[in-house]
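Okay, so here's the structure we're looking at.
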Amino acid sequence: MENKIQPRLKTFDLTMIVMGLVIGMGIFRTPPEVAQKAGTSSIFFIAWITGAVVSMIGALTFAEIGSRYPAAGGFYKIFSHCYHPSFAFMVNWITVISNAASTAGVAIMGAEYIAPILFPTLNPETAARIITTTSVIFLYIINMLGIKVSSKVLNVLMIIKISMLLLLISALFFVVGPHANDAIKTAPQTTEDMLKCFALCFIPVFFTYGGYQQTMNFGSDVKNPSRTMPRAIFYGMTVVLCIYLLANLSYVKVLGFAELQKTKTLASDISQLMFGAVVAKLVALIMFFCVMAYVNVSMLSNPRIYFAMAEDGVFPKIFSRVNARTQVQEWAVSLFTVFILLTLFFMSSFQTILQYVMFFDSISLISAAACIFILRYRAKKNKHEIENIFKMKAYPYLPIFYILIYMVVNASVLLSKPEASLWGFVLFVSGLPLFYLMRFLIRKTTRKPIL
């Protein structure tokens, strides 16, 4: 009997999954970055709305890709199928680095909340780096001992995030901060400046909306995908948009747009205005532990990429080893932790990490979205259209629009931080010789062709 995944997910199930994938810790840190780049509140809010619409289009695109080619292993499998294993390796290589950098960035975000409490006299950036490095090493030791976070803890983390967002949104009705009506001093003056500011906003905005691309992993799990997929994605992303807009509206009303541009600890700043300094410190501690719980999950889940690549013979087999006693991928977890620590060593600020992550993500997402054209072309050429799959409307216009927007993201990184684009491109291209080197070494070890 053929072993197939039975479609079980209904509209509500997938809606909750979409929300869970997108709502992360970024909304507690990136709004000041968006405010700095926007210069005006109108550009600020338009950027958030645009981000939601583009992300919805992206989620629909990846949902069809997942329906047409349902395979575990994320981008690596689909890129190998649509392009070539070497290109799949190159993208997975930067994805590995990007995920480690993103994890480091989120860890810094949590450290920024408690740095003033633990090290009030130390330079904030230095204090955050010390806390982040210590926390990552501590979590690494915990993971190597085989102490795992249960799904119940992850559910509690999600509840805390939503509760914290609702608390911040409630400030809309109770608090008006002392700087709420302060004048904005850095507003763009010309149309060209406004467009430039709008484009630069995409970097932190799309970082915050990230996660929707994982919808491609649920293509074969959904009941009646042609009906369920678009509804669930629309409902999920609409709820996310409403939550994010209300949160940002609260930030602007309570702190004022000028003050929003300066802060790094949104949750504790607003809590202090609502409840005082003691509660603000408590919120800062809660935010730190929420962030570290996320970092712990990331340190457990991302090494599976190395495992999949090792199983496919494009990464040393040592990275597919699992400790029989602790069930930990010791080599894979160690390598991922090294990447996190290297990121912290070379890129100490959240802003710098953000630039690199979005440069890598733009390459990955553009390449992934383009797979829809290849899959549709092959289906038409071979006259083999799969039945009962999700097909997005307004094809090919929506995928083209999505790709163009992410080209703007890529160009925005180049414009704002050219060295991030340069080194990011070097790391991406270095994946090609690394692929052939890995293949040569593995062939030499196993004495048989892998690909």
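The values are calculated or read from the model by the stated rules, or taken from the named source; none is laboratory data. Quantities reported herein were computed from a predicted structural model and do not represent experimental measurements. All Cβ positions, even for glycine, are placed from backbone atoms using ideal geometry, and neighbour counts span all protein chains on display.
Here is how the numbers come out for the structure above:
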{"quantity": "Segment 339-366, subset of a type in the set (S, T, N, Q) and in a helix (DSSP H, G or I), residue surrounded by the fewest Cβ atoms within 10 Å (Cβ to Cβ)", "calculated": "Gln351"}
{"quantity": "Cβ-Cβ under 7 Å pairs, at least 6 apart or on other chains, segment 273-293 side free of Cβ contacts under 8 Å to residues at least 60 places away in the same chain, far side crowded, with 20+ Cβ neighbours inside 10 Å", "calculated": "Val279/Ser271; Ala280/Ser268; Ala280/Ser271"}
{"quantity": "Qualifying residue in segment 377-393 (condition: polar (S, T, N, Q) and surrounded by fewer than 16 Cβ atoms within 10 Å (Cβ to Cβ))", "calculated": "yes"}
{"quantity": "Segment 52-107, subset aromatic (Phe, Trp, Tyr) and in contact with a Phe, Trp or Tyr (Cβ under 9 Å, 6 or more places away or on another chain), residue farthest from Phe307 (Cα to Cα)", "calculated": "Phe62"}
{"quantity": "Among the candidates Phe319, Phe315, Phe336, residue that is assigned to a helix (DSSP H, G or I), at pLDDT below 85 and over 17 Å from Trp423 (Cα atoms)", "calculated": "Phe319"}
{"quantity": "Check on Phe390, in contact (Cβ under 8 Å) with a residue 12 or more places away in the chain, under 23 Å from Gly58 (Cβ atoms) and more than 20 Å from the chain's Cα centre (by Cα)", "calculated": "yes"}
{"quantity": "Some residue of segment 25-32 being touching a Gly at 6+ places or on another chain (Cβ under 6 Å) and under 29 Å from Ala370 (Cα atoms)", "calculated": "no"}
{"quantity": "Gly256, sole failed condition from (1) within 25 Å of the chain's Cα centre (by Cα); (2) at positive phi", "calculated": "(1)"}
{"quantity": "Hits in segment 322-333 - residues which are assigned to a loop (DSSP other than H, G, I, E, B), without any contact (Cβ under 8 Å) to a residue 40 or more places away in the chain and surrounded by 18 or more Cβ atoms within 10 Å (Cβ to Cβ)", "calculated": "Gln329"}
{"quantity": "Given (1) assigned to a loop (DSSP other than H, G, I, E, B); (2) modelled with pLDDT of 85 or more; (3) among the charged types (D, E, K, R), number of the condition Lys37 does not satisfy", "calculated": "(1)"}
{"quantity": "Residue match in segment 88-106 (condition: over 18 Å from Val357 (Cα atoms), surrounded by fewer than 22 Cβ atoms within 10 Å (Cβ to Cβ) and in contact (Cβ under 8 Å) with a residue 60 or more places away in the chain)", "calculated": "no"}
